[in-house]
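Q: Below is a structure I'd like to ask you about.
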Amino acid sequence: MLMPKRVKWRKQQRGRIRGVAARGNTVAFGDFGLQAIEPGWLPARTIEAGRIACTRGAPEAKIWIRIFPHKSVSSMPAETRQGKGKGDIDFWTAVIKPGTVLYEIGGVTEEIAKRAFNRVAHKMPVKVRMISRRHL
């Protein structure tokens with residue numbers, strides 16, 4: 001499962017996702033990309049599930065994961081009284097802004113890429129669309 005090797009501060013506040021992605025919003029490595037069109041959190045388990053679905057959908061393709069779960073999300077156990085501080089880290093997540101490219105795929109036709117990304121899209125908690133590289 002993806003998570004940082006080390007962090008300066010273990011626990012973070014939740015924050016708000018505002019605006020659209022200014023960086024990481026174009027296809028940079030492969031031929032086709034899967035782009036988020038709404039904001040949200042993508043847990044590390046979901047990123048891994050998407051990677052597995054993509055490799056099984058197109059085993060001959062080269063796949064790039066363009067996101068990384070830097071944010072720790074903590075939670076207290078159920079039926080716990082108030083006080084006693086912040087809970088333990090529950091999972092790691094990537095903060096996704098609209099326009100962020102999540103995955104890229106290369107070395108396959110558009111039809112195979114569409115089929116592979118369709119499998120991945122079903123696992124994502126945010127709406128996504130397939131985009132292609134702009135050739136200048």
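Q: Please work out the ratio of the alpha-carbon Rg of region 45-101 to 2.2 N^0.38 Å and round it to two decimals.
A: 1.62
Q: Using alpha-carbon positions, what is the distance between the centroids of region 65-83 and region 8-46, in Å?
A: 17
Q: Tell me what the chain gives for mean residue ellipticity at 222 nm when only DSSP H runs of n ≥ 4 count, each as -39,500 (n - 2.57), the sum divided by the residue total, rounded to 500 deg cm²/dmol.
A: -6000 deg cm²/dmol
Q: Rounded, prolate or oblate: which one fits region 1-41, using the alpha carbon gyration tensor with axes a ≥ b ≥ c (rounded when a/c is under 1.5, else prolate when a/b beats b/c, else oblate)?
A: oblate
Q: Averaging sequence separations of C-alpha pairs under 8 Å and six or more residues apart, then dividing by the length of region 1-96, give the relative contact order as a whole percent. Before the final figure, lay out each step's value.
A: Numbers: 107 pairs, mean separation 37.4, N = 96.
Once divided by the residue count of region 1-96, the mean separation gives 39 percent.
Q: Using the count of nearby Cβ atoms within 10 Å as a rough guide to exposure, how do 34, 2, 42 rank from fewest to most?
A: Numbers: 34 25, 2 17, 42 22.
Ascending Cβ contact count within 10 Å gives the list 2, 42, 34.
Q: Also: Given a Förster distance of 30 angstrom, what is the FRET efficiency for residue 119 paired with residue 78, based on the Cβ-Cβ distance and rounded to 0.05?
A: Values: r = 33 Å, r/R0 = 1.11.
Calculated transfer efficiency: 0.35.
Q: Let me ask something else. Please give me the summed charge of the neighbours of residue 26: other residues whose Cβ is under 15 Å from its Cβ, Lys and Arg +1, Asp and Glu -1.
A: Net charge in that neighbourhood comes out at +4.
Q: Additional query: Of the residues 13, 82, 35, which exhibits the maximal mean-square fluctuation in a Gaussian network model of the chain defined by a 10 Å Cα contact cut-off?
A: Its mean-square fluctuation being the largest, the pick is 82.
Q: Short version: ³J(HN,Hα) in whole Hz for each residue of region 47-60, in order, from phi by Karplus 6.51 cos²θ - 1.76 cosθ + 1.60 (θ = phi - 60°), x for Gly and Pro, what are they?
A: Here the 3J(HN,Hα) series is 4, 5, 4, x, 5, 5, 4, 5, 5, 6, x, 9, x, 8 Hz.
Q: If you don't mind, there's one more thing I want to ask. Over 24 Å between Cα atoms: which of 5/86; 86/123; 11/62 fall into that group?
A: Pairs exceeding 24 Å: 86/123; 11/62.
Q: To make sure I understand, if each residue's beta carbon is the centre and we count other beta carbons within 10 Å, what order do 122, 70 fall in, fewest to most?
A: Least crowded to most crowded, the residues run 122, 70.
Q: Turning to a different aspect of this structure: Report the residue, chosen from 109, 55, 26, that carries the largest GNM mean-square fluctuation when the chain is represented by alpha-carbon nodes joined by springs under 10 Å.
A: 109
Rule-based calculations on the coordinates, nothing more; no lab input. Only a predicted model underlies this, so the values are computations on that prediction, with no experimental measurement involved. As a convention, Cβ positions derive from the backbone with ideal geometry for all residues, glycine included, and neighbour counts pool all protein chains shown.
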